[in-house]
Amino acid sequence: MNSLSDSLQYFKGVGPKKIKLFKKLGILSIEDLFYYFPRRYEDRSNFVNISQIEIGKSYTIKGQVLATGGRRSWRRRGFSIVEVAVGDKSGRIFAVWFNQPYLKQYFKVGQDIILYGKVELYKDRLQISNPEFEILDNKDSDSLSTGRIVPIYSACEGLTQRFMRQLIKNALDKYISKTRDPLPYDIRKRHSLLNLAQSLINIHFPKDDGSKTEAYRRLSFEEFFLFQIPVVLRKLKKKEKRGIIHKAGGVIFSKLIKSLPFSLTAAQERVVDEIKTDMSREYPMQRLLQGEVGSGKTVVATLAAVIALDGGYQVAFMVPTEILAKQHFVNIKNQLAKISTTIETVLLTSDIKKKEKEGIYKKISSGQFQLIIGTHALIQESLTFKKLGLVIIDEQHKFGVAQRALLPKKGNNPDVLIMTATPIPRTLSMTIYGDLDISVIDELPKERLPIKTSSYGRDKMGEIYEFVRNIARQKRQVYFVCPVIEEFQEEDLKAAEIIFKEFKNETFKDFKVGLVHGQMPSDAADKVMQDFKNGDIDILVATSVLEVGIDIPNAICMVVLQAECFGLSQLHQLRGRIGRGQFESFFIVVSEPKTDEAKRRIKAIEELSNGFKIAEEDLKIRGPGEFFGKRQHGLTALKIANPLTQMRLLKNARDEVITLLRNDPNLSQRQNLQLLAKIKTVFPQFPRLDITA
């Protein structure tokens with residue numbers, strides 16, 4: 001019997017060669033093919049005449065190949081150009097492709113062709129550079145490719161648009177009756193949603209804009225709905241677990257509050273009260289703490305730790321880098337030493353020698369060490385705790401979901417506090433992190449001065465260097481940040497080293513210059529950072545290793561080179577590394593943005609200072625998948641839904657999930673069986689979803 005799980009390889013027209021191409025697209029089964037949605041559509045029911053097009057706009061043009069040609073660029077050795085002249089009754093336009101010589105064999109004079117791209121004026125002629133194209137022939141008479149709204153797919157070489165359309169059409173004709181709708185009928189009826197079969201047909205081959213819109217709405221709802229099930233289930237199951245009832249406001253807690261050299265902000269006080277309430281309850285705290293860089297999250301986390309320590313419990317504090325772990329260790333240990341002689345704090349990182357580490361492990365398992373601050377070393381299988389009462393995870397986005405889940409499992413339902421300096425718009429975070437209670441520190445300490453942000457082109461480097469010299473002469477310190485892109489890591493690190501040598505020997509030869517990057521041995525990087533903190537280095541050349549956690553009040557200027565290579569939130573994180581002292585601070589971005597997206601990022605970092613507004617703009621620019629990172633949660637897997645533009649739909653889906661799971665947490669009722677089958681393919685661990693995942 002045919003089913004949607006059938007391998008695509010054995011479907012007519014595919015075979016062993018083409019299935020390799022489909023695997024690159026993540027398509028293995030018929031169902032995968034159905035859910036491989038078009039990335040855009042072209043209305044080919046009425047093409048625009050060439051004579052009517054305007055420069056600077058994108059068009060879909062149908063014409064005939066009038067001439068073809070190819071040449072080598074005289075400017076760049078080995079660089080080829082393929083050129084095709086295309087005409088219709090009203091005029092002609094030229095299409096050019098750069099460095100794709102194999103395309104020349106595709107075009108023949110007299111062919112009917114469709115081009116899509118942005119029209120520009122080049123040497124007094126209309127031209128489209130690197131357009132998408134499709135060659136038409138008699139096989140297109142079935143009207144899948146012309147005379148209608150036509151789907152355009154993300155494909156790879158060897159899979160043409162026409163082939164993709166015909167294959168999906170054939171698969172729909174044969175298998176659409178096998179689809180089983182995972183959304184219960186009453187939910188579909190309440191929200192006026194199409195059934196699954198009609199939605200899949202309409203999303204691939206819409207008859208008009210209305211049918212396309214309805215299919216998009218239905219399939220988006222389904223994605224949101226499925227994603228929310230494990231999130232809501234964890235929230236509901238949390239109250240089934242018996243946690244630790246901590247006694248908030250003990251002796252050490254009170255002493256720590258009194259010993260602080262500053263007053264907590266109103267936002268910090270509010271969040272501390274929320275944490276105290278959580279930790280006093282009988283079920284485990286699961287709280288996400290959002291706050292800008294420098295908003296005082298670490299102080300709040302330390303107060304939470306002391307609540308657990310007051311009751312004789314251990315606390316594990318996990319951070320993503322050794323530099324940050326050591327900074328937290330020194331600062332928190334010094335704070336606690338002033339108020340208690342009984343709390344023993346230890347640092348646990350991967351660079352500690354084996355014998356010393358074994359000794360630390362023994363003292364942790366015996367309970368001698370109560371506060372353990374470290375990196376991934378905290379989740380090693382051989383490490384056990386005697387009485388783990390609180391887990392704190394800083395910069396949670398730097399860890400994978402599975403990694404975050406390991407540490408709480410080392411205790412008996414300990415409280416969990418997750419911190420992030422990446423602000424997320426509140427309405428969105430309440431849905432994404434729906435299994436967590438959310439606290440927000442939405443104000444900076446009063447003593448923090450605003451940071452002056454400026455953007456310059458590379459032609460202004462001379463002026464920037466002179467500005468930096470003036471700062472260094474005043475005995476203040478400066479960061480120069482260089483980008484490191486994963487695929488160009490070696491070249492980028494070499495570039496940073498070249499800049500360092502140039503600064504040291506020429507540009508800033510009268511000052512002390514240092515270098516730190518992520519590939520240095522940790523002890524060498526720590527030495528450089530300590531020298532910088534001690535004032536032994538005036539100007540520090542660094543990579544984005546600075547993005548997390550360094551706190552040096554005397555550093556009042558940061559210059560980010562090639563700022564177009566950084567994400568918007570990343571730039572904001574870097575900016576938070578300065579402005580920590582009593583002096584005015586300066587954040588300078590140097591860039592030559594080429595794309596519209598890069599220009600928007602540079603404009604936003606210059607104009608916006610509020611982290612939540614930065615986050616909203618970053619989400620708009622990048623979209624949710626890129627914003628949250630590949631290893632995070634379901635939003636990265638959304639194929640069609642967009643929480644930024646469909647917030648109401650997302651909220652409706654979440655509300656339906658809450659109602660459904662309260663009434664039928666195991667999805668065992670008859671009307672939910674199709675949903676259960678779907679959920680088991682998406683989340684194989686259902687219904688035993690771990691609350692900490």
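A few notes on this one:
- The residues of the stretch 149-164 that are under 16 Å from I19 (Cα atoms), touching a helix residue (DSSP H, G or I) at 6+ places or on another chain (Cβ under 8 Å) and at pLDDT 85 or above amount to a single one, L159.
- The criterion of at least 1 residues that are farther than 17 Å from G389 by Cβ and under 31 Å from the mean Cα position of the chain (by Cα) is met, among helices (runs of 4 or more DSSP H) falling completely within the stretch 236-348, by 266-279, 297-310, 322-337.
- Among the residues here, I343 does not qualify as more than 18 Å from M529 (Cβ to Cβ) and touching a Ser or Thr at 6+ places or on another chain (Cβ under 8 Å).
- Segments classed as helices (runs of 4 or more DSSP H), wholly inside the stretch 565-639, with at least 3 members that are at pLDDT below 80 and more than 21 Å from E443 (Cβ to Cβ): 611-622, 624-628
- Pick from the stretch 379-420, criterion surrounded by 20 or more Cβ atoms within 10 Å (Cβ to Cβ) and small (G, A, S), ranking: modelled with the highest pLDDT: G389
- Checked against the criteria, L568 counts as aliphatic (A, V, I, L, M), farther than 29 Å from Q474 by Cβ and crowded, with 21+ Cβ neighbours inside 10 Å.
- Subset of the stretch 421-441 (residues that are surrounded by 22 or more Cβ atoms within 10 Å (Cβ to Cβ) and modelled with pLDDT of 85 or more): S439, I441
Yes/no per residue for (1) at pLDDT 85 or above; (2) under 30 Å from K207 (Cβ atoms):
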site: N99; (1), (2): no, no
site: Y102; (1), (2): no, no
site: G110; (1), (2): yes, no
site: Y116; (1), (2): yes, yes
site: E120; (1), (2): yes, no
site: D124; (1), (2): yes, no
site: N130; (1), (2): yes, no
site: L136; (1), (2): no, yes
site: G147; (1), (2): no, yes
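- Among residues of the stretch 332-346 being aliphatic (A, V, I, L, M) and surrounded by fewer than 19 Cβ atoms within 10 Å (Cβ to Cβ), the one that is farthest from I252 (Cα to Cα) is V346.
- Residue pairs whose Cβ atoms lie under 7 Å apart, separated by 6 or more positions or on different chains, with the first residue in the stretch 353-364 and in a helix (DSSP H, G or I) and the second surrounded by fewer than 12 Cβ atoms within 10 Å (Cβ to Cβ), are Y361/S382.
- Residue pairs meeting the criteria (Cβ under 7 Å; at least 6 apart or on separate chains; first more than 12 Å from V481 (Cβ to Cβ) and at pLDDT below 85, in the stretch 545-562; second among the charged types (D, E, K, R) and assigned to a loop (DSSP other than H, G, I, E, B)): V548/E395; D551/R580
- Considering S177, S199, the condition of being under 30 Å from the mean Cα position of the chain (by Cα) and not assigned by TED's automatic domain parsing to the domain that holds T302 is satisfied by S199 alone.
- Every pair of residues 6+ apart whose Cβ atoms lie under 6 Å, when the first sits in the stretch 108-131 and is on the phi < 0 side of the Ramachandran plot while the second is of a type in the set (S, T, Y): Y116/T60; K118/S58; P131/Y116
- Candidate set from the stretch 488-509 (those that are touching a residue at least 12 places away in the same chain (Cβ under 8 Å) and closer than 24 Å to G535 by Cβ); member that is surrounded by the most Cβ atoms within 10 Å (Cβ to Cβ): A496
- Given (1) part of a loop (DSSP other than H, G, I, E, B); (2) touching a Pro at 6+ places or on another chain (Cβ under 9 Å), index of the condition L226 fails: (1)
This table checks each residue for (1) charged (D, E, K, R); (2) under 27 Å from K12 (Cβ atoms); (3) crowded, with 19+ Cβ neighbours inside 10 Å.
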| residue | (1), (2), (3) |
| --- | --- |
| K189 | yes, no, no |
| N195 | no, yes, no |
| K207 | yes, yes, no |
| Y216 | no, no, yes |
| S220 | no, no, yes |
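- Complete set of residues in the stretch 180-205 that are in contact with a Pro (Cβ under 8 Å, 6 or more places away or on another chain), closer than 22 Å to S154 by Cβ and not β-branched (V, I, T): H204, F205
- Residue-level check: of (1) part of a strand (DSSP E or B); (2) within 22 Å of K639 (Cα to Cα); (3) at pLDDT 90 or above, E42 misses just (3).
- Output for the stretch 203-219, where each listed residue is touching a helix residue (DSSP H, G or I) at 6+ places or on another chain (Cβ under 6 Å), in contact (Cβ under 8 Å) with a residue 12 or more places away in the chain and either farther than 12 Å from F34 by Cβ or hydrophobic (A, V, I, L, M, F, W, C) (or both): I203, P206, A215, R218, L219
- For the stretch 199-249, the set of residues classified as among the polar types (S, T, N, Q) and farther than 15 Å from P643 by Cα consists of S199, N202, S211, T213, listed by residue number.
- The residues in the stretch 13-53 that are farther than 16 Å from G158 by Cα and basic (K, R) can be counted, and the count is 3.
- The single condition among (1) under 26 Å from the mean Cα position of the chain (by Cα); (2) exposed (fewer than 12 other Cβ atoms within 10 Å of the Cβ) that L25 does not meet is (2).
The values are calculated or read from the model by the stated rules, or taken from the named source; none is laboratory data. All figures in this text were calculated on a predicted structure; none of them were measured in a lab. Cβ atoms come from the backbone with ideal geometry, glycine included; neighbour counts cover every protein chain shown.
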